[in-house]
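**Q** I have a structure I would like to understand better, so I am pasting it below and will then ask my questions one at a time.
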Amino acid sequence: MQKLIDFAIRRRVTVIMCTIAIVLFGLVSLTRLKLNLLPDLSYPTLTVRTELPGAAPLEVETLVTRPVEEAVGVIRNVRQVRSVSRAGQSDVVLEFVWGTDMDVAGIDVREKLDVLQLPLEAERPLLLRFDPSSEPVLRLAFLDNAGGNGAENVDRLKALRRFAEDRLKPDLEAVEGSAAVKVSGGYEDEVQVFVDQEKLAQLGLSIEAVTRRIRAENVNLSGGRLEQGMQRFLVRTLNEFATIEQMADSIIATRNGQPVYLRDIASVTRGYKEREAITRVNGAETIELAIYKEGDANTVQLAEGIQARVAELAERLPEDTEIQTVYDQSRFISAAIGEVKNAALIGGLLAVLVLYAFLRDARATAVTSIAIPVSVLGTFVAMYGFDLSLNIMSLGGIALAVGMLVDNAVVVLESIVRKQEQGFERPLAASKGASEVATAVTASTLTSIAVFFPMVFISGVAGQLFKDQSLTVTFALIFSLIVALTLVPMLAAGRPPRAVSMASAGSAQPGRFGRFLSALAAGVRRLFAWVGKAFSALLRPLVRTAQGLTGWAENHYPAAIGWALTNPVKILGAAIALFLVTVVVIAPRLGTELIPQMAQGEFNVDLRLPPGSPLEQTDRTVLAAQRASDELGNVALAYSVAGTGNRLDANPVDAGDNTGRLS
């Protein structure tokens, strides 16, 4: 330690340049850190989703769910297998042991599924990985202010859905950090063919034959290539239907030398698909656009980019329509992280004021106060290197460490000041004072690190949640120790005197520019002196109070410690009694939870009707709940979803036409 301290005192420029580098890299790292609400959480679960159209839940369980369970249940590290079978869909949830490499587990599951024999009608199984961050960061509502009833409203919602799919979705997906935009609600276009069974029977045709013929007609094929001289042309056969009339005029078969057109045996109309979700804002149907972020995207920056793009799109929207934000995760993130930042800044300021109140030396307080920003900025560099994000846990760790950052610098500086009072010169006092307490400061810092760092090795959700905080506190303490043993002694030693020869001192005359710089430096010194005097006058009551408390403690503490040393049984008895009261009486009354409740200014009501309830009945129930909430009088916006639709965050257990949510 002695060599490090002496090096810092001798090599002032090196220490200053290293400090400036840490500050600059810290500022750059701060601008590049991801900003999220919580650390990245990932659960060791995989969901195998298989579609079997038209099958009842019992057939889905027999034909799909059980074979999948038997195939994947033997995979290594699988702790539990759960399944949900509903009409046309099977979800098998695999829960693995914590610490399992989920990439390898996904490959193992895929290998088992590839050799599994499922019904021919079943679609290829999808492998889904549950991630809490898969919830959309923004939900936008594409509103129709014109209104309408009956068929007019259906046509209007179909047009809005079409506009959202063709125009809004590509524009919003182009924003940096946007992974996907899912559109739900409204009516999705679909061409419907209603076949007359009697005419089919008369002509001897089947539904399968009609389906095959329509599929064969509605296709574009490659026709090879055509070479002509020095040129080569690609040939394509364009045969996709462009209009409903073209589809109706397609030839299905030939009977008695006469073509049978599709319009002869069926009616072709433009309708809409079976609805999977109904979204409403304040009771009116709307189109929902859910924006999902990329895995490493900054939530706040993505939300700002989306809002800017929405402002641009507002000028190109159809008449009597608007886009309204119904959910924005970045608002709560910005507010929560802003409060943590303010708490850390206020804590640092109070720490500086308390230091000045007890030290009564502006220079010593300034030297000690430098340890806080330098250590925090160095922590940002380490956070960027370890791919940590700015969230309430990591910022909470910084706020927690702010008070601890000053401890090392205060101990070192107090030892240096004591050596100066003993008559040592500043450089020698800095060297001797810092070296005397270096071992104690290092041991104290390592003790604190030994408390926080092992939290990194905790498994489960708690380990993922507190990992950022433990690493942040560890980085901050390490940088505070480095600053206390290098920067603080260097600043406390002061600037060494420069030897100037008499000849050069007498002959060198400052020029006009030199005199200007000297005058400017003198003015800056006077300004700082005036500011220092003003602050000293403002803080004089605080200093007097602190010195009064110190004097009172110095007068009464010897008597108190003397009584404690002469009555050890009473002191130990009181400590044991206080410990027992805390453990037996107070601790059982304290609640336990992983994360404290967060007030986001909104309430969510989840509704579940009996299985088999149609989507329209779920929508009526949710709408009734929304109308009841309007009677509260302080509801700014009511957003409801009946069904699950095509959202990526749909839980395989809590999904279906019989579920709804009111926000």
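**Q** Answer rounded, prolate or oblate for the stretch 331-432, using the Cα gyration tensor with square roots of eigenvalues a ≥ b ≥ c: rounded when a/c is under 1.5, else prolate when a/b is larger than b/c, else oblate.
**A** prolate
**Q** What do you get for the angle between helix 615-630 and the principal long axis of the chain? Use alpha-carbon atoms, 0 to 90 degrees, nearest ten.
**A** 40 degrees
**Q** Could you pull the Cα extents of the chain along its three principal axes, largest to smallest, in whole Å?
**A** For the chain, the Cα spread along each principal axis is 124, 79, 56 Å.
**Q** Additional query: Leaving ligands and nucleic acids out of the surface, order Lys293, Lys112 by accessible area at 1.4 Å, largest first.
**A** Order by accessible area, largest first: Lys112, Lys293.
**Q** Hey, another quick one. Calculate, for Gln231 and Met17, the FRET efficiency according to 1/(1 + (r/R0)^6) with r their C-beta to C-beta distance and R0 56 Å; round to the nearest 0.05.
**A** 0.25
**Q** Same structure, new question: Between Asp361 and Arg620, what is the spin-label point distance in nm, taking each point 7 Å from the Cα along the Cα→C-beta axis?
**A** 8.2 nm
**Q** Between helix 102-114 and the chain, what is the angle of the helix's C-alpha long axis to the longest principal axis, kept within 0 to 90° and rounded to the nearest 10?
**A** Once rounded, one gets 20 degrees.
**Q** Quick one: compute the contact order of the chain, relative version, from alpha carbon pairs under 8 angstrom and 6+ residues apart, as a percent.
**A** 18 percent
**Q** Next question. Evaluate the relative contact order of the stretch 134-239 (contact order divided by residue number), counting alpha-carbon pairs under 8 angstrom at least 6 apart; express in whole percent.
**A** Relative contact order here is 16 percent.
**Q** To the nearest 0.05, what FRET efficiency results for Leu58 and Arg215 with a Förster distance of 41 Å applied to their C-beta separation?
**A** It comes to 0.85.
**Q** Treating only the Cβ atoms of Lys and Arg (+1) and Asp and Glu (-1) as charged, compute the dipole magnitude of the stretch 266-362 about its Cα centre; round to the nearest 20 debye.
**A** 240 debye
**Q** While we're on this one: Roll a 1.4 Å probe over the protein chains and send me the accessible area per residue for the stretch 297-352 in Å².
**A** For the stretch 297-352, the per-residue accessible area is 53 Å².
**Q** Something else: Once you place label points 7 Å from the Cα toward the Cβ at Thr243 and Leu120, how far apart are they in nm?
**A** If labels sit at Thr243 and Leu120, their model points lie 3.9 nm apart.
**Q** By how many degrees, between 0 and 90 and to the nearest 10, does the Cα long axis of helix 461-493 differ from the longest principal axis of the chain?
**A** Between helix and principal axis, roughly 30 degrees.
**Q** Would you list Trp530, Trp98, Trp563 from the most to the least accessible area, probe 1.4 Å?
**A** Sorted descending by solvent-accessible area, the residues read Trp530, Trp563, Trp98.
**Q** How much length is gained if the chain between Val195 and Gln80 is pulled fully straight, taking 0.36 nm per residue apart and subtracting their Cα-Cα distance, in nm to one decimal?
**A** 36.6 nm is the gain from fully extending Val195 to Gln80.
**Q** Assign one of three labels to the stretch 1-153, namely rounded, prolate or oblate, based on the Cα gyration tensor with a ≥ b ≥ c the square roots of its eigenvalues; rounded applies when a/c is under 1.5, prolate when it is not and a/b is larger than b/c, and oblate otherwise.
**A** In terms of gyration-tensor shape, oblate.
**Q** Kindly identify the stretch 160-257 as rounded, prolate or oblate by the Cα gyration tensor criterion: order the square roots of the eigenvalues as a ≥ b ≥ c, call it rounded if a/c is under 1.5, otherwise compare a/b with b/c, prolate if a/b is larger, else oblate.
**A** Oblate, because a/c is 1.5 or more while a/b does not exceed b/c.
**Q** Quick check: at a probe of 1.4 Å, how many percent of the accessible area of the stretch 136-295 sits on carbon and sulfur atoms?
**A** Roughly 46 percent of what the probe reaches on the stretch 136-295 is carbon or sulfur.
**Q** Roughly how many Å² of Tyr272 are accessible to a 1.4 Å probe, to the nearest 10?
**A** Per-residue accessible area (Tyr272): approximately 90 Å².
**Q** In whole percent, and with a 1.4 Å probe on the protein chains, what portion of the accessible area of the stretch 26-129 is carbon and sulfur?
**A** 53 percent
**Q** Select from the stretch 155-215 those GluC sites (Glu not before Pro) which occupy a DSSP coil region and have at most 14 other Cβ atoms within 10 Å, ordered by residue number.
**A** Qualifying residues, ordered by number: Glu176.
**Q** Using a 1.4 Å probe and counting only protein heavy atoms, arrange Arg418, Arg129, Arg620 so the residue with the most accessible area comes first.
**A** Arg620, Arg129, Arg418
The values are calculated or read from the model by the stated rules, or taken from the named source; none is laboratory data. Owing to the predicted nature of the structure, the values given are computational and were not obtained by experimental measurement. A quick note on method: Cβ atoms are made from the backbone with ideal geometry, for glycine too, and the neighbour counts reach across all protein chains shown. SASA here: full protein model, heavy atoms, side chains in, ligands and nucleic acids out. Shrake-Rupley method; radii C 1.70, N 1.55, O 1.52, S 1.80 Å.
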